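As structure tokens, the structure follows; a few thoughts come after it.
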Amino acid sequence: MQFTSLLALFLAALAARACPGEEHGHAHEHQPLRRAFPQTRLPVPTRPLVWGDVNIIHTTDSHGWLLGHQKSSFPEPNYSGDLGDFASFVTHMKEIALEKDVDLLLVDSGDLHDGTGLSDGFPPGGVDGHETNKFIFDLPYDVMAIGNHELYIYANTLDMYKTFAPKLNGRYLSSNVNITVADKDGNPVSVPVGERFAKFKTRKGRKVTSLGVMFDFTGNDVNTTVQKVEDMVEEQWFAEAIKDEPDFFLLVGHMPVSHDHWPTVFDKVRAVHPTTPILILGGHTHIRDCIQLDGRSMALESGRYMETVGWMSVDLDHKGSNKNLTFTRRYLDPNRVSYEYHTGRGNFTFDTLQGKLFTQGLNNLAKRFNLSDEFGVAPEDYTISQVPATANNSLLSLFTTAMTYSLTVNNSRASVPNVMITNSGSMRFDVYAGAFTKNDQLTASPFADSFLYIPNVTLSIASQVLPTLNKAGANERRELAGIDLRSTEAYARGEVDMLYRAWLEEMDRKSFGPERRAANNATLGYVTHDSCPGVGDDIVHTPLPFFSAPDFIGSSAPAGVADSDPVDLVFVDFIESQLLEILNGIQSAKNYTEADVLPYTDVLASAVLGIYAEKFWN
């Protein structure tokens with residue numbers, strides 16, 4: 001959506017008038033062009049951002065979270081700012097940069113797709129992220145890099161190649177990612193989705209060389225390719241790209257800043273330019289992280305789901321100097337209180353025209369996709385890792401209960417006793433008390449997996465499958481404990497939950513003592529321990545409690561059924577090969593194969609919670 005079309009929307013809404021509001025931490029102005037602000041007191045940042053010669057606002061792994069986190073249970077209000085608020089924030093920060101006469105860049109490290117109803121809830125025939133991306137490319141991004149979620153489905157990659165990349169005017173980077181398309185003669189040709197690199201000058205005239213690097217991803221769709229990072233840096237184009245010395249290198253990419261291949265890229269640049277400042281903006285693992293590979297560089301990663309806006313600044317010195325540079329970094333909670341504090345604006349002066357129009361346009365898109373359609377009202381919060389998996393308010397426990405109902409509605413097999421199993425990873429986001437909508441369903445359980453079954457499995461055997469699956473999963477985790485998870489096949493396919501949850505667990509463990517007690521009056525949120533000096537978090541929080549979860553969840557043995565009686569063994573198709581292997585390992589009476597597996601229901605995993613809510617939450 002170009003700004004001119006946004007302006008047309010605004011002109012149609014000029015009759016709307018703002019209602020009064022108060023300042024930080026209190027009720028906020030409810031502009032008709034804005035969604036209702038959460039009626040929750042939010043903490044105010046305690047210290048300004050440190051500006052340098054070059055400053056960067058960083059986003060990554062936004063995954064369609066453009067209308068903000070709208071639930072009232074913490075930590076959600078911390079992240080309640082929508083893309084309209086962010087657009088206003090960027091505008092004001094650009095104005096401050098002009099006043100300070102310094103450079104301010106806006107950078108994104110990928111994964112715009114797959115996350116909320118705005119990106120994923122499109123009608124049949126649409127393309128994931130196509131509509132939300134129209135808002136993204138109306139922001140003044142200086143550099144953007146491709147993410148792995150742009151590559152799972154060829155149609156999405158093609159849309160980025162044809163529709164999105166051209167809007168960035170050579171600044172959408174895919175250094176080691178190609179797409180196969182037809183050339184002018186109709187022959188297939190493999191070309192970069194965006195550009196391999198970019199060279200440009202900042203507003204202050206500083207020369208920048210930028211790359212956009214993807215981690216060694218293997219889960220991409222056919223007709224897309226991801227070159228290994230170690231091979232990319234040996235290419236002739238790479239050598240040519242880094243040959244001339246800029247004022248600083250801006251390395252952007254969908255790759256975590258710790259324990260991955262950024263040193264591979266960094267070392268190649270350093271071999272040619274031993275003292276040139278290097279600024280790295282990473283992503284993918286959904287955590288807040290920072291590391292310095294030497295005294296003249298910094299690498300920053302800024303979380304997920306618009307729960308973090310990253311800030312980096314650096315004071316430059318003369319070329320050839322080998323002294324350590326002064327860097328700062330900060331992890332901002334994206335909400336209006338944070339934005340207003342750091343821009344020095346009040347509630348009546350913060351919203352820009354573009355910001356208001358973004359909010360209105362996104363709300364209109366949500367309405368067009370029917371994202372407010374309500375299945376029911378959740379009676380309490382159901383979280384993935386803040387409570388034990390067996391607790392009544394665990395989302396994993398809830399899904400198990402919902403599965404036993406939703407899969408048997410209008411099912412001819414409903415009268416046959418069953419044991420049901422799925423993977424806990426099918427839950428992606430918490431469910432919070434209040435209206436449970438189409439959007440909530442898509443964010444909590446987005447995977448359109450089918451359910452299968454094997455009939456006539458004796459209960460004594462069927463009851464062993466779930467604990468044996470979990471034992472195998474636990475053994476695998478123990479085997480992986482001594483190695484870096486980033487070397488595993490699951491990581492190569494794009495799996496990051498294991499790393500994100502390990503980060504949550506570490507956060508909880510490190511803050512269990514005096515630090516937690518000292519912050520016991522703080523709101524729940526992220527408490528970051530990274531490798532860079534000083535405190536990175538903009539707001540002091542109490543860390544979220546963390547409880548580990550089994551890899552697989554399932555129903556209990558049906559009541560009144562003898563161990564020798566037959567049952568239906570029901571499971572999600574995602575775990576079919578694992579389950580067959582386990583089933584054949586715990587018994588020898590029959591060798592089960594895919595020929596023994598049948599479809600159980602037309603209900604997909606993504607619909608389970610909605611069907612349950614319609615029945616029990618109304």
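Laboratory data are not the source of any read-out in this text; all were calculated from the coordinates shown. Only a predicted model underlies this, so the values are computations on that prediction, with no experimental measurement involved. A quick note on method: Cβ atoms are made from the backbone with ideal geometry, for glycine too, and the neighbour counts reach across all protein chains shown.
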(message) Skipping prolines and chain starts, which residues have an amide H placed within reach, meaning under 5 Å, of the one on LEU105, given they are 5 or more residues away or on another chain?
(response) ASN55, ILE56, ILE57
(message) Over the Cα atoms, compute the radius of gyration (one decimal) and Dmax (the largest Cα-Cα distance, rounded to a whole number) for segment 50-368, in Å.
(response) 19.0, 57
(request) Could you grab the relative contact order for the chain? Cα pairs under 8 Å, six or more apart, rounded to a whole percent. (result) 17
(message) If the only charges are +1 at each Lys and Arg Cβ and -1 at each Asp and Glu Cβ, what is the size of the charge dipole of the chain around the Cα centre, to the nearest 20 debye?
(response) 1440
(request) In nm, give the distance between the simple-model label positions of ARG368 and LEU604, each being 7 Å from the Cα along the Cα-to-Cβ direction. (result) 2.1
(request) Can you pull the one-decimal nm distance between simple spin-label points at TYR405 and ALA490, each 7 Å off the Cα toward Cβ? (result) 3.0
(request) Multiply the residue gap between SER460 and VAL272 by 0.36 nm, knock off their C-alpha separation, and tell me the result in nm, one decimal place. (result) 61.1 nm
(message) At 7 Å along Cα-to-Cβ for each site, give me the label-to-label distance between LYS243 and GLU95 in nm.
(response) 4.5
(message) Could you work out [θ]222 nm for the chain from helices alone, using -39500 (n - 2.57) per DSSP H run of at least four and dividing by all its residues? Round to the nearest 500 deg cm²/dmol.
(response) -8500 deg cm²/dmol
